[in-house]
Amino acid sequence: MEISHQDLILINANIITLDPFSPQATWVAIKNDKIITTGHGKDWKNFKYKNTSIIDCSGKTVIPGFIDAHLHLVSYAKSLVTSDLSPGKNVHSISDIQSIIKNCSQNRPAGQWIFGRGYNDFYLAEKRHPNCLDLDKATPGHPVRLTHRSGHVHVLNSLALKLVGITRETGDPDGGLIERDLKTGDPTGLLYEMGDFLYVRIPPLAPAELERGLQIADQELISLGVTSIQDASSRNNTEQWKLVKSWKKSGSLHPRVNLMMGISAFQKKSENYALNGLDPNQLRLGAVKIILDDTTGRLYPSQSELNAIVFEVHHAGQQIAIHALEEKAVKAACEAIQFALEKSPAKDHRHHIEHCSVCPPELARKIGALGITVVTQPAFIYFHGERYLETVPDERLKHLYPIKTLLDQGINVAASSDCPIVSPDPLIGISAAMHRLSEAGDIVGGRVRILSTAALQMYTLNAARATFEETIKGTITPGKLADLVVLNADPTRLTADEFRNLQVDKTIIGGKVVWEKNR
Ligand SMILES: [Zn+2]
């Protein structure tokens, strides 16, 4: 066998391969960026050469690297360099928000934008969203934009409203809603589903700031054992592709990336995605992403428009990924995929429903029968559990993020964080999928447990299947990419309480240790 300095063997490990043909091992040998073999006992010595590095895992657990099947990388990077207004940062009232904005305004020239993110009206003492008058009190001289923790609501102060051109006369854009004062008709500053509208009207973050955010995001992801991500931003286009490609090329972004393409980019045939010498295992073009919104009470786009779009993508031989939260939207997404499949049958289409937040068993059966992949967010049970328990009626609560129901239908359920909506920590999602406990320790939607291996698969093999990459990722199998995580304990043997102490010890991508605890 040819000797290479990149050869690495992990020994004395409790290896959970997630490969049904060989589920356990005590060592794994890696050559270049691939796994060459796994085994038990001392056999690894046959693979050891002069230049082989050995990592003694001292009984620690090794699992396949985590794949986050749906997050928003650029928003995540931006969020790390803008004011965090989430309850976790001790923001408990609108006056807390006002003082943070005021502080921000003091060290920057008038007229410069101030961005805040992650506020959660549910946890604010006033139990409401801040409005433009609240923000004007903090600073009238700087345009301010706050983003709700859901990402679907923004609040602007008066100057910001003026700069983006929203006045009393401005009509609601398609799919969006400008909240207005019932008496005066003036905009209150609250904008629903107007991310696209604002995106083209608000100056972007300075490149150096974005780069700084990306560096923090990258370190955060690898410290959590995330070795691959799928970026599910509906605004993705050639620009985003070039940006991510530049990060991959310069080596500033470690996890492998699947970049979904926004529907408008897909429909603009001029869009041009070229790999130009980049390894497709580092950056790949993923599904076509479309938002099916029902927050304003009616579906946008409508069922017939959705059918046409889904068919267009399906007919072009591409995967579609439909954002659908509520039952009505999930049902419409199913119907659109069914429509496309009836017109043009395809066996292994792997079209996605993203989120699938509310899904009763009969709808899950339909999703299963149509062969649709579901990409969902178990960590929401943990991070949003208290709010769900207080605000979601029991009838819907039992169908909320119904992971077991979906798995029981044989659906390929891939897990994700939807970061920056919540932390990208897969261990929190895995625990939430298994135990359904909120952050305060309350059970959300009944104790419908799933096995730890099923939860691990959602963040590994199932997520790899979601992007047609199960032959190269998702299990510790000879021939696959050597993307591995070393954990300080065995997640299949822990109680919900013990799970809190579970930590990533090392992250290996393509046979290289990219992160180590207490280096
Ligand atoms: Zn998302």
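The values are calculated or read from the model by the stated rules, or taken from the named source; none is laboratory data. Computed from a predicted structure; not experimentally measured. Note that each Cβ is placed from the backbone with ideal geometry, even for glycine, and that neighbours are counted across all protein chains shown.
Could you tell me whether L146 is assigned to a strand (DSSP E or B), surrounded by 20 or more Cβ atoms within 10 Å (Cβ to Cβ) and modelled with pLDDT of 95 or more?
So L146 passes the test.
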- For L214, indicate whether it is at pLDDT below 95 and more than 16 Å from the ligand (Cβ to nearest atom). no
- Scanning region 367-387 residue by residue, those out of contact with any strand residue (DSSP E or B) (no Cβ under 7 Å at 6 or more places or on another chain) and within 16 Å of the ligand (Cβ to nearest atom) turn out to be A379, F380, F383, H384
- Could you tell me which of the residues A329, A364, A346, A340 is of a type in the set (G, A, S) and within 16 Å of the ligand (Cβ to nearest atom)? A329
- Note on the structure: Note on region 90-108: residues more than 25 Å from Y199 (Cβ to Cβ) and either small (G, A, S) or surrounded by fewer than 19 Cβ atoms within 10 Å (Cβ to Cβ) (or both) are N90, H92, S93, S95, D96, Q98, S99, K102, N103, Q106, N107
- Message: Testing L389 on (1) closer than 22 Å to R149 by Cα; (2) buried (at least 19 other Cβ atoms within 10 Å of the Cβ); (3) not hydroxyl-bearing (S, T, Y), one condition comes back false. Which one is that?
- Response: (2)
- Only one residue in T37, T61, T26, T52 is of a type in the set (S, T, Y) and closer than 17 Å to K473 by Cα, so which one is that? T37
- Item | Residue list for region 57-73, restricted to those being surrounded by fewer than 24 Cβ atoms within 10 Å (Cβ to Cβ) and either on the phi > 0 side of the Ramachandran plot or within 16 Å of the ligand (Cβ to nearest atom) (or both) | S58, G59, H72
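Here's the yes/no breakdown for (1) among the β-branched types (V, I, T); (2) surrounded by 16 or more Cβ atoms within 10 Å (Cβ to Cβ):
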{"residue": "K245", "(1), (2)": "no, yes"}
{"residue": "S252", "(1), (2)": "no, no"}
{"residue": "K268", "(1), (2)": "no, no"}
{"residue": "I290", "(1), (2)": "yes, yes"}
{"residue": "H323", "(1), (2)": "no, yes"}
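In region 398-432, what residues are among the charged types (D, E, K, R), within 17 Å of the chain's Cα centre (by Cα) and either surrounded by fewer than 22 Cβ atoms within 10 Å (Cβ to Cβ) or more than 16 Å from the ligand (Cβ to nearest atom) (or both)?
Across region 398-432, the qualifying residue is only D425.
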- Query: Scanning region 295-317 for residues that are at pLDDT below 95 and polar (S, T, N, Q), which turns out nearest to the ligand (Cβ to nearest atom)?
  - Reply: T295
- Query: Among (1) surrounded by 23 or more Cβ atoms within 10 Å (Cβ to Cβ); (2) within 16 Å of the ligand (Cβ to nearest atom), where does N462 come up short?
  - Reply: (2)
- Item | Selection within region 70-108 - touching a Gly at 6+ places or on another chain (Cβ under 9 Å), within 19 Å of D134 (Cβ to Cβ) and assigned to a loop (DSSP other than H, G, I, E, B) | T82, L85, S86, V91
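Table: residues versus (1) out of contact with any helix residue (DSSP H, G or I) (no Cβ under 7 Å at 6 or more places or on another chain); (2) surrounded by fewer than 17 Cβ atoms within 10 Å (Cβ to Cβ); (3) part of a loop (DSSP other than H, G, I, E, B); (4) at positive phi.
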{"position": "A110", "(1), (2), (3), (4)": "yes, yes, yes, no"}
{"position": "R117", "(1), (2), (3), (4)": "no, no, no, no"}
{"position": "F122", "(1), (2), (3), (4)": "no, yes, no, no"}
{"position": "K137", "(1), (2), (3), (4)": "no, yes, no, no"}
- Note on the structure: All-but-one check, D497 against (1) without any contact (Cβ under 8 Å) to a residue 24 or more places away in the chain; (2) assigned to a loop (DSSP other than H, G, I, E, B), failing number (2)
- Flagged in region 377-435 as over 25 Å from E220 (Cα atoms) and of a type in the set (D, E), in numbering order, are E386, E390, D394, E395, D408
- Item | Among the candidates S233, S252, residue that is assigned to a loop (DSSP other than H, G, I, E, B), closer than 25 Å to I509 by Cα, within 16 Å of the ligand (Cβ to nearest atom) and under 21 Å from the mean Cα position of the chain (by Cα) | S233
- Task: Give region 19-57 a look and list any residue that's farther than 27 Å from T453 by Cα, assigned to a loop (DSSP other than H, G, I, E, B) and either in contact with a Cys (Cβ under 9 Å, 6 or more places away or on another chain) or among the hydroxyl-bearing types (S, T, Y) (or both), or say none.
- Result: Y49, T52
- Message: Going by what's in this entry, would L163 be described as surrounded by fewer than 18 Cβ atoms within 10 Å (Cβ to Cβ), out of contact with any strand residue (DSSP E or B) (no Cβ under 7 Å at 6 or more places or on another chain), assigned to a loop (DSSP other than H, G, I, E, B) and of a type outside the set (S, T, Y)?
- Response: no
- Read through the list (1) within 16 Å of the ligand (Cβ to nearest atom); (2) without any contact (Cβ under 8 Å) to a residue 40 or more places away in the chain, then give the number of the only condition that Y76 fails. (2)
- Those residues of region 236-249 which are in contact (Cβ under 8 Å) with a residue 40 or more places away in the chain and assigned to a loop (DSSP other than H, G, I, E, B) amount to N236
- Just to be sure, is T296 touching a residue at least 60 places away in the same chain (Cβ under 8 Å), over 22 Å from K398 (Cα atoms) and either among the hydroxyl-bearing types (S, T, Y) or touching a helix residue (DSSP H, G or I) at 6+ places or on another chain (Cβ under 9 Å) (or both)? yes
- So which of E220, E209 ends up being surrounded by fewer than 21 Cβ atoms within 10 Å (Cβ to Cβ), closer than 30 Å to C132 by Cβ, more than 16 Å from the ligand (Cβ to nearest atom) and touching a residue at least 40 places away in the same chain (Cβ under 8 Å)? E209
